[in-house]
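One structure below.
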Amino acid sequence: MDYDVLKKNGIKVEEGIRRFGGKQELYEKYLLKFPQEEVFSLLQTAMKEQCYKDAFFQAHTLKGVSGNLSLTPLYECLCDFVECLREEKNLSEAQRLFPQVEQAYKSCVEVICLATM
């Protein structure tokens with residue numbers, strides 16, 4: 001795995017490895033699983049169908065996973081987005097932010113795939 005590619009794209013590899021108890025192999029295992037997880041597609045569906053309770057659950061899950069993997073660009077986008085969805089506080093702002101979340105997610109997946117080539 002090319003950690004330089006990850007780092008150049010805002011992924012804090014050392015921090016992620018620390019979160020996995022210093023176990024580099026374990027970090028890589030979960031990093032490689034990230035693009036196959038269904039949580040993002042479930043979030044997209046929930047947003048499209050305006051099921052905001054479901055969207056909150058999926059976004060909160062994605063925020064936790066991205067935080068643990070230190071996918072910082074995605075995590076940072078999700079922080080405000082999740083708060084807008086929490087108790088359906090600001091749904092119009094959540095709708096406005098969602099394209100940024102989608103782009104950050106797609107970028108992270110692309111970077112992970114590049115780092116494995």
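Observations, loosely collected:
- Charge dipole (the chain, unit charges on Cβ, about Cα centre) - positive-most of 61, 109, 5: 5
- Charge dipole (debye, nearest 20) of segment 3-115; +1 at Cβ of Lys and Arg, -1 at Cβ of Asp and Glu: 240 debye
- C-alpha center-to-center spacing [segment 56-104, segment 4-48] in angstrom: 15 Å
- Angle of helix 91-115 to the longest C-alpha principal axis of the chain, folded into 0 to 90 degrees and rounded to 10: 20°.
- In the chain, taking the dipole from charged Cβ atoms about the Cα centre, the farthest positive-side position among 52, 84, 20 is held by 20.
- Semi-axis lengths, Å, segment 3-115, gyration tensor of Cα atoms, sqrt of 5 times eigenvalues: 26, 13, 12
- Modelled spin-label separation between residue 41 and residue 4, with each label point placed 7 Å from Cα along the Cα-to-Cβ direction: 3.5 nm.
- Across the chain, the relative contact order, built from alpha-carbon pairs under 8 Å that are at least six residues apart, equals 32 percent.
- Only lysines eight or more places from residue 53 in sequence, or on another chain, were considered; those with a Cα closer than 22 Å are 63, 89.
- Against the main long axis of the alpha-carbon atoms of the chain, helix 24-33 sits at an angle near 40°.
- Placing pseudo-labels 7 Å out from each Cα toward the beta carbon at residue 95 and residue 14 gives an inter-label distance of 4.4 nm.
Every number here is computed from the coordinates shown, using simple stated rules; none is lab data. Quick caveat: nothing in here was measured; it's all calculated off a predicted structure. So basically every Cβ, Gly included, is an ideal-geometry build from the backbone, and we count neighbours across all protein chains shown.
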